[in-house]
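Shown next, in structure tokens, is the structure this report addresses.
The values are calculated or read from the model by the stated rules, or taken from the named source; none is laboratory data. What you are looking at is a predicted structure, and each value in this text was computed from that prediction instead of being measured. Positions of Cβ are generated from backbone atoms using ideal geometry, with glycine treated the same way; all protein chains shown enter the neighbour counts. Surface areas here come from the heavy atoms of the whole protein model, side chains and all, with no ligands, DNA or RNA. Shrake-Rupley method; radii C 1.70, N 1.55, O 1.52, S 1.80 Å.
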Amino acid sequence: MISEELRELYQELILEHSKKPRNFRALEPASHTAEGFNPLCGDKIKLYLEVVGDEIKDIGFQGSGCAISKASASMMTTSVKGKTTSEANTLFNEFHKMLAGSSEPYDEGKLGKLSVFSGVSEFPVRVKCATLAWHTLRAGLESDGKVVSTES
Ligand code: ZN
């Protein structure tokens with residue numbers, strides 16, 4: 001149960017990240033790139049990764065879309081920067097569990113600030129906006145230059 005006060009705080013943080021997205025830039029060069037598209041809302045993202053060994057040394061994104069997709073991409077980049085690819089995959093799984101309405105409980109401690117998106121699970125159409133950046137991240141880490149769509 002999320003209190004009214006916490007909900008407002010969450011909304012403020014999402015709004016703040018959507019207005020001033022972090023890591024909003026193309027990386028040149030990038031070791032991995034991927035593009036994501038959410039046709040239901042019109043969100044588009046291009047993700048740039050600089051992976052050295054097993055570490056995500058740097059990450060950037062560009063794109064356009066609604067406030068939730070932008071804020072989610074911004075917070076995704078700050079969460080995985082400096083992490084290993086397997087740590088990033090763990091975050092993806094927890095984030096997905098939180099939003100997919102899974103019966104399995106998600107690990108709030110692992111998600112940290114990303115928990116601000118928990119309220120989005122009440123709005124199924126918005127879940128795709130929030131998970132787009134994460135699906136694009138996984139596509140980028142798995143193979144280079146792939147285009148992912150939330151509708152495929
Ligand atoms: Zn959207």
GNM, the chain, Cα, under 10 Å: largest mean-square fluctuation among Ser121, Ser102, Ser18? Ser102
What whole-number value in cubic angstrom gives the convex hull volume per residue for the C-alpha atoms of segment 20-143? 94 Å³
Springs between alpha-carbon atoms under 10 Å, Gaussian network over the chain: tell me which of Glu94, Glu28, Glu142 tops the mean-square fluctuations. Glu28
Stretchable slack from Phe123 to Ser86, in nm (0.36 nm times residue separation minus alpha-carbon distance): 10.4 nm
For segment 1-80, using Cα atoms only, the Rg and Dmax in Å read 14.1, 44
Per DSSP, loop chymotrypsin sites (Phe, Trp or Tyr not before Pro) in segment 1-106 with at most 15 further Cβ within 10 Å: Phe24
Using alpha carbons only, how many degrees (0 to 90, rounded to 10) separate the axis of helix 124-142 from the longest principal axis of the chain? 30 degrees
Could you rank Lys70, Lys44 by how accessible they are, 1.4 Å probe, largest area first? Lys44, Lys70
To the nearest Å², the heavy-atom accessible area per residue of segment 1-97 with 1.4 Å probe amounts to 52 Å²
Roughly how many percent of the accessible protein surface of the chain is carbon and sulfur, given a 1.4 Å probe and a whole-percent answer? 51 percent
Report the gain in length on full extension from Thr78 to Glu4: 0.36 nm times residue separation, minus Cα-Cα distance, nm rounded to one decimal. 24.0 nm
Along the principal axes of its C-alpha atoms, what lengths does segment 70-152 span, in descending order and rounded to whole Å? 33, 29, 23
Once you place label points 7 Å from the Cα toward the Cβ at Ser149 and Glu12, how far apart are they in nm? 4.0 nm
